[in-house]
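Colleague: Mind looking over this structure? Questions follow.
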Amino acid sequence: MAHSAQTIATGAAANPRPARPPRQRRPRADPTLLYVIKQVELAARAQLDEIFRPIGMTALQYTALTVLEHHPDMSSAQLARNSFVTAQTMADMVRALEERRLVERHRDAADRRRLVLALTSDGRELLRRYRGRVAALEERMLSGLTAEQAAELRRGLAVCRANLAGR
């Protein structure tokens, strides 16, 4: 096969394809803040599950106990809303927590027809016993942030929550 001098000198074929411009990388868009928040939530939940797995508890059960610690005498439906689970999931969770004697139901003093939930002394003791481990997890999550940045993050997330709650 005969090659022209130009083909031999340049290495180009007799009918070369037009050269493609080099592929330019599109700048990678940062993930949405919603995505990042969800990733943090999933990572924190997985770490909480690791902390509580040895005693047969889940992060969701721990969350329900902390909600009751801060807001005693909630109905199961209120606890579900404040713990970010469905009413059915909460019903199952309350049953498990009652069996472990961590929560109890009693009549609401203001409305005797209404049953509310409260921590038992065992529930309060469990939260006390694990408070340090949970605080260490939060500290690890915030490492690399100054105290001022962590406080600003907390304030910013509170505003976002209020915005989505319509407040």
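Colleague: Only one residue in Arg81, Arg45, Arg100, Arg133 is surrounded by 13 or more Cβ atoms within 10 Å (Cβ to Cβ) and touching a residue at least 60 places away in the same chain (Cβ under 8 Å), so which one is that? Can you show your working first?
Modeller: Working: Arg81 fails: touching a residue at least 60 places away in the same chain (Cβ under 8 Å); Arg45 fails: touching a residue at least 60 places away in the same chain (Cβ under 8 Å); Arg100 fails: touching a residue at least 60 places away in the same chain (Cβ under 8 Å).
The unique qualifying residue is Arg133.
Colleague: Which of the helices (runs of 4 or more DSSP H) found entirely inside the range 57-167 contain at least 1 residues meeting this: at pLDDT below 95 and touching an Asp or Glu at 6+ places or on another chain (Cβ under 7 Å)? Walk me through it before giving the result.
Modeller: Numbers: elements: 59-70, 76-83, 87-99, 121-142, 147-165.
Of the helices (runs of 4 or more DSSP H) lying wholly inside the range 57-167, those with at least 1 residues that are at pLDDT below 95 and touching an Asp or Glu at 6+ places or on another chain (Cβ under 7 Å) span 59-70.
Colleague: Then there's this: Is there a residue being under 18 Å from Ile37 (Cβ atoms) and of a type in the set (Gly, Ala, Ser) anywhere in the range 83-97?
Modeller: yes
The values are calculated or read from the model by the stated rules, or taken from the named source; none is laboratory data. Not measured: the values here are computed from a predicted model. Cβ coordinates were reconstructed from backbone atoms using ideal geometry, including for glycine residues, and neighbour counts include every protein chain displayed.
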